[in-house]
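Reading through the structure tokens given below for one structure.
Every number here is computed from the coordinates shown, using simple stated rules; none is lab data. What you see is a predicted model, and the numbers here were worked out from it, not measured in a lab. Cβ atoms come from the backbone with ideal geometry, glycine included; neighbour counts cover every protein chain shown.
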Amino acid sequence: MDAKRCMDSFAVKNSHVLPPDTNSHGTLFGGKLMAYIDDIAAISAVRHCRQPVVTASIDSVDFLHPVFEGHAICLEAFVTWTHNTSMEVFVKAITEDLLSGDRKVCTTAFVSMVAVDENNRPTPIPTVYPESDQEKRLHTGASARHEQRKERRKESKELAEMYGTGLPW
């Protein structure tokens, strides 16, 4: 498999924020924004590996600015780093007041995606290489983020075992 550039996986999603997408404060539901993040990350990941993918994790999502009804939300994503079967996708979400043109980054997130074969088993993917300074910065920190995710997953498994599927403790 030939290595691919980060920008080969670049994907953009735009959406107009309408009343059904908002909460009682007139701002985009956090869960709706997270669904958009997962969707654009999957598109980017499939562009990179040209195989089906599943979401393994989404790092913390901090809501930096509200996204108001009537505004637009634009999400941009690209693969920053790859492992054997998994990849890290960086997602940036920008809110835009369509009437004034004012734009703000409302969140960023790292999403881990895993390529799967026809039996839903992890399958190897091409490596990725950065070109721009921004891509290089994200690529350089990716290995450490990968290790943090592994540790967090281990803790999540321990909690799942401890609390199980029974009645509340």
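In this structure, Ala56 qualifies as among the small types (Gly, Ala, Ser), surrounded by 13 or more Cβ atoms within 10 Å (Cβ to Cβ), under 18 Å from Ala109 (Cα atoms) and under 19 Å from the mean Cα position of the chain (by Cα). Residues in the range 1-40 that are over 17 Å from the mean Cα position of the chain (by Cα), part of a helix (DSSP H, G or I) and touching a residue at least 12 places away in the same chain (Cβ under 8 Å): Pro19, Asp21. For the range 81-125, residues that are under 10 Å from the mean Cα position of the chain (by Cα) and farther than 22 Å from Ala45 by Cα total 0. The residues listed here are Arg153, Arg145; of these, the one that is more than 12 Å from Thr80 (Cβ to Cβ), within 18 Å of the chain's Cα centre (by Cα), touching a residue at least 60 places away in the same chain (Cβ under 8 Å) and in a helix (DSSP H, G or I) is Arg153. Residues that are crowded, with 16+ Cβ neighbours inside 10 Å and of a type outside the set (A, V, I, L, M) were ranked within the range 16-37; the one that is nearest to Met113 (Cα to Cα) is Tyr36.
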